[in-house]
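Notes to accompany the following structure.
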Amino acid sequence: QVQLVESGGGLVQTGGSLRLSCAASGGLFRFGAMGWYRQAPGKQRELVASITSGGGTNYADSVKGRFTISRDNAKRTVDLQMDSLKPEDTAVYYCHWESLDYWGQGIQVTVSS
């Protein structure tokens, strides 16, 4: 049974940092591309960053240079390091197993001005 569990969200001031982590169970993790998405109130869910099984990365323009996605296949985790946070980064962040189209439950990130 596939399960994705996010951790590391919370409240931070503008300019601060947070690190989100997603722990995966079930499935062939090392072969799957993984992504972090976010959804702000009243907005559509959007891709923040993704990483292939080989470590190739892709970022939304709005987070380039501030966020870094990484994965540890041995630990079955995918992390999102978020630096220089802005109020517009406030959203619920979701981990997504791209090949299985499976979502985590989401975790709140709030950036205060």
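Structure above, values below:
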{"quantity": "Members of region 3-45 that are under 16 Å from Asn73 (Cβ atoms), among the aliphatic types (A, V, I, L, M), out of contact with any Ser or Thr (no Cβ under 7 Å at 6 or more places or on another chain) and open to solvent by 20 Å² or more (accessible area, probe 1.4 Å)", "calculated": "Leu28"}
{"quantity": "Condition met for Glu6 (on the phi < 0 side of the Ramachandran plot, under 15 Å from the mean Cα position of the chain (by Cα), at pLDDT below 95 and charged (D, E, K, R))", "calculated": "no"}
{"quantity": "Residue check, Val48 β-branched (Val, Ile, Thr) and open to solvent by less than 30 Å² (accessible area, probe 1.4 Å)", "calculated": "yes"}
{"quantity": "Residues that are surrounded by 14 or more Cβ atoms within 10 Å (Cβ to Cβ) and part of a strand (DSSP E or B), drawn from region 72-90", "calculated": "Thr77, Val78, Asp79, Leu80, Gln81, Met82"}
{"quantity": "Matching residues, region 93-110, being open to solvent by less than 60 Å² (accessible area, probe 1.4 Å) and closer than 17 Å to Met34 by Cα", "calculated": "Tyr93, Tyr94, Cys95, His96, Trp97, Glu98, Gly104, Gly106, Ile107"}
{"quantity": "Any chance Ala60 is closer than 18 Å to Val2 by Cα and either of a type in the set (Gly, Ala, Ser) or out of contact with any Lys or Arg (no Cβ under 7 Å at 6 or more places or on another chain) (or both)", "calculated": "no"}
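Residues checked against (1) in contact with a Phe, Trp or Tyr (Cβ under 9 Å, 6 or more places away or on another chain); (2) small (Gly, Ala, Ser); (3) touching a residue at least 12 places away in the same chain (Cβ under 8 Å):
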{"residue": "Thr14", "(1), (2), (3)": "no, no, yes"}
{"residue": "Arg19", "(1), (2), (3)": "no, no, yes"}
{"residue": "Ala24", "(1), (2), (3)": "yes, yes, yes"}
{"residue": "Gly32", "(1), (2), (3)": "yes, yes, yes"}
{"residue": "Ala49", "(1), (2), (3)": "yes, yes, yes"}
{"residue": "Asn58", "(1), (2), (3)": "no, no, no"}
{"residue": "Lys64", "(1), (2), (3)": "no, no, no"}
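The values are calculated or read from the model by the stated rules, or taken from the named source; none is laboratory data. All figures in this text were calculated on a predicted structure; none of them were measured in a lab. Virtual Cβ from ideal backbone geometry, glycine too; neighbours counted across all protein chains shown. Heavy atoms of the whole protein, side chains included, go into the accessibility calculation; ligands, DNA and RNA do not. Shrake-Rupley method; radii C 1.70, N 1.55, O 1.52, S 1.80 Å.
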